[in-house]
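Structure record follows, encoded as structure tokens.
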């Protein structure tokens, strides 16, 4: 069976092909009754407008792209789901790609989304090769960064202050009496959120008059198993840290899981903190002290800002969202 | 700044525009050194080939689309991540849309991915309006279903037997001595996995000589809070069920969370089972008895089959993957 043509739609709806074209490209210039008849014909025939011609005419594909570092845990899931719901309310379809934290793959995906005609893009974090920003500027694709607020960066952002948030957790750990700290961090190279979180921990350590270079920091991927392995390594050191501050909840939950197997009780023997406040933070036992990130608010705000960028063709002000420390049972003074 | 043209690339690489075209559309017909010089020029100029022209020439966009019901928890995350990794190894970029379990949104997204030139599509489950299948057939888009094996369905699938898996969990619950069962299920309308799981539970109940209509079944969304609310409702009934079989791990973990607040101990007062074997199943305390779904294997197999469909233009045999019962502490004989 051949794919239906513009002609087929026009015949079925009893209008000219020009009217069908107008309905698809500039629907507000067609009276409602005609438009509905045409769209009914489009739908019943399963007609897919010639994409390129339509984009050229409409200058809009009503598709947005997002590239996230991973789908393999819930870090980006909730924020992205809210982003897509809000975009849908504004009439846009979201297409998501996941780059496995690999700059080359992210670049391929940016090109794929641009050549597929995405009206706008959402990227995570600011750290990438400047040539990518040059490419986006040349292609004139509105692009917004989320998860990382930086008012001085090249692209506008909707995010939060990763450094200040981790500084606050660490200050609380120190305030509860811990002096032998350790950190399990995400891989910092290419990840401004991980880098900022390490800086935040060091800020708090310095502010407490302690030596930041005396705090062991293990960089590893964000995963349950990698968090567990890093924790096991830290617990084998002498003297043993009394508090392990993790770069995110996934690592922290991995650490908590292996603690029991090492014969260590949380928080009596060792306190553990996370970052993100994913669902696993409250499912874990004991519940995890962590930084609450307003993922859904961030996703909705990002959708609003990106739609404005696409439709009003202007660069908006960046939006900073507040995070909150959530104190739960996994953190207690040394000795419980 | 104007977007770079084919001419700019040809000049920079010192070749004809036809050669640039060949490099982009049929790279295997160009010698490696030339191809690399051209691709270097494409990259440094930030050239994006005219999408429509390229697709018409190459008949291939090297983009696959997947539509999943939700991104808002880990149900589809791990399988999809494996799917995308395997596609990437075959040279394809994956674009993902999430339909919020809403047929109309899924249909919009199918049309968006088709009109964006996706070479093939992955959909979850078989249950949708026949007009969608007609549309896909007319557009001649290779489409594969995952998460649900059905050799008799209109589209080929890479999935597992949801009904048999749930029958096995339920048989085990009954074998451990439970007679007062209850089920928390996903919404069955439009969801063949949820429907099959309910049927599997009923199969096992009937096989044990019990009355399937005496088992209360609460249908609710797959969520922590919705699982908790359904569980609270079930626990208020007289006589109280001694085992609650959940449609997935997310609902089961929600049930376990509220059990403590209701003063009930798991498994002494009530056993709880899940489905999927997500990471939360082992993080939960006690650990959750559940069905292990080989999500990563399924994702990789789906990529392999879909690439074959696109490249060899033939309908493959469906692939069934085995699931496994994972017995953990959340299930015990009545009374603990």
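Among rounded, prolate and oblate, which fits the range B:226-336 when a ≥ b ≥ c are the square roots of the eigenvalues of its C-alpha gyration tensor, a/c under 1.5 means rounded, and a/b larger than b/c means prolate?
Since a/c reaches 1.5 and a/b is larger than b/c, the shape of the range B:226-336 is classed as prolate.
On C-alpha positions alone, give me the angle between the axis of helix B:77-89 and the longest principal axis of chain B, in degrees, nearest 10.
20 degrees
Roughly what % of DSSP beta bridges within the protein assembly as shown run antiparallel, to the nearest 5?
In the protein assembly as shown, approximately 10 percent of DSSP beta bridges are antiparallel ones.
Kindly work out what percent of the DSSP beta bridges joining two residues of chain A are antiparallel, to the nearest 5.
Antiparallel bridges: around 10 percent, rounded to the nearest 5.
Does anyone have the angle between helix B:295-312 and the longest principal axis of chain B? Alpha-carbon axes, 0 to 90°, nearest 10?
Taking Cα atoms only, the helix is inclined about 40 degrees.
Per-residue ellipticity at 222 nm for chain B, helices alone: DSSP H runs ≥ 4 residues times -39500 (n - 2.57), over residue total, nearest 500 deg cm²/dmol?
After summing the helix terms and dividing by residue count, I get -14000 deg cm²/dmol.
State whether the range A:162-293 is rounded, prolate or oblate according to the following rule on the C-alpha gyration tensor (a ≥ b ≥ c being the square roots of its eigenvalues): a/c under 1.5 gives rounded; otherwise a/b larger than b/c gives prolate, and the remaining case gives oblate.
rounded
Assuming R0 = 30 Å, what is the FRET efficiency of residue B:329 and residue A:179, from their Cβ-Cβ distance, to the nearest 0.05?
0.25
Give me the distance in nm between label points sitting 7 Å out from Cα along the Cα-to-Cβ direction at residue A:207 and residue B:36, one decimal.
It is 5.2 nm.
Taking only the alpha-carbon atoms of the range B:91-188, what semi-axes of the equivalent ellipsoid follow from 5 times the gyration tensor eigenvalues under a square root, in whole Å, largest first?
Three semi-axes, in Å: 34, 14, 12.
Provide the packing ranking of A:260-267, B:326-333, A:92-99, i.e. peptides ordered by the mean count of other C-beta atoms within 10 Å per residue, highest first.
A:92-99, B:326-333, A:260-267
Once you treat every alpha carbon in chain B as an equal point and sum by Debye, what is log10 I(q)/I(0) at q = 0.08 Å⁻¹?
Calculated log10 I(q)/I(0) at the listed q: -0.47.
At residue B:90 and residue B:17, where each label point lies 7 Å from the Cα along Cα→Cβ, what is the point-to-point distance in nanometres?
Label at residue B:90, label at residue B:17, 3.4 nm between them.
Please compute the average number of Cβ atoms from other chains found within 10 Å of each residue's Cβ in peptide B:272-284.
Mean number of neighbouring Cβ atoms from other chains: 3.
Please determine, in degrees from 0 to 90 and to the nearest 10, the orientation of helix A:249-261 with respect to the longest principal axis defined by the Cα atoms of chain A, where the helix direction is its Cα long axis.
In chain A, helix A:249-261 runs at an angle near 40 degrees to the longest axis.
Multiply the residue separation of residue B:313 and residue B:199 by 0.36 nm, subtract the distance between their alpha-carbon atoms, and state the gained length in nm to one decimal.
37.5 nm
Provide a whole-number value for the mean count of partner chain Cβ atoms within 10 Å of the Cβ atoms in peptide B:88-95.
5
How far apart, in nm, are two points set 7 Å out from the Cα along the Cα-to-Cβ line at residue A:297 and at residue A:260?
Result: 3.4 nm between the two label points.
For B:71-82, what's the mean count of beta carbons from other chains sitting within 10 Å of each residue's beta carbon?
What the average comes to for B:71-82 is 6.
For a protection proxy built on the mean count of beta-carbon atoms within 10 angstrom, sort A:28-38, B:11-21 highest first, please.
B:11-21, A:28-38
Any idea what the alpha-carbon Rg over 2.2 N^0.38 Å comes to for the protein assembly as shown?
Output field value: 1.02.
Using mean Cβ contacts within 10 Å as the protection proxy, how do B:73-84, A:143-154 order, highest first?
B:73-84, A:143-154
Could you tell me whether the range A:58-125 comes out rounded, prolate or oblate from its Cα gyration tensor? Rule is a ≥ b ≥ c as square roots of the eigenvalues, rounded for a/c under 1.5, then prolate if a/b exceeds b/c, otherwise oblate.
Taking the square roots of the gyration eigenvalues as a ≥ b ≥ c, the range A:58-125 is oblate.
Since every read-out is calculated from the coordinates, none of them should be taken as a lab result. Predicted model only: the values in this text are computed from it and were never measured. Neighbour counts run over all protein chains shown; Cβ positions are idealised from the backbone, glycine included.
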